[in-house]
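To start, the structure itself, in structure tokens.
Throughout, read-outs are computed from the coordinates displayed, never taken from laboratory work. As the structure is a prediction and not an experimental result, all values here were calculated from the model. Glycine gets a Cβ as well: all are built from the backbone with ideal geometry, and neighbour counts include every protein chain shown.
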Amino acid sequence: MRGNRKAYLDVSVSVCPHCGALYADASWYVITLGSDVECGTCGNDFNPKKSLSDRVLIQFDVDENGKVSAVRIADVLL
């Protein structure tokens, strides 16, 4: 691998409407699937897509050895 490279992950943040627990998942899962999930805190089902509070593009700086050297928010998508 030559020089520093970048990798990206589109992340959605959802809030359980029953207890307020926060969840961060890959946006493809939240936006595309749109399935209900069980809250690990209170046990109630909720839809992360309907409870979306933020969506960001995370940038990972990757060194010549393939190791992450830095992480930052590259863009706010919501």
Could you sort 39-51, 59-71 so that the peptide with the highest average Cβ count within 10 Å comes first and the rest follow in order?
-> 39-51, 59-71
Simple SL model, points at 7 angstrom along Cα→Cβ for Phe60 and Thr41; separation in nm is 2.6
For Trp28 and Tyr8, extending 7 Å from Cα along the Cα-Cβ vector and measuring point to point gives, in nm, a value of 1.4
Label-point separation (nm) for Arg72 and Ser53, each offset 7 Å from Cα along Cα-to-Cβ?
-> 2.5
Under 16 Å from Lys50, Cα to Cα: aspartates and glutamates that are on another chain or at least 8 residues apart | Asp25, Asp36, Glu38
What are the lysines whose alpha-carbon lies under 25 Å from the alpha-carbon of Lys6, with same-chain residues fewer than 8 places away excluded?
-> Lys67
Computed over the chain, Cα set: Rg, Dmax in Å | 15.3, 48
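What's the magnitude of the charge dipole for the chain around its Cα centre, counting Lys and Arg as +1 and Asp and Glu as -1 at the beta-carbon? Answer in Debye, nearest 20.
It works out to roughly 260 debye.
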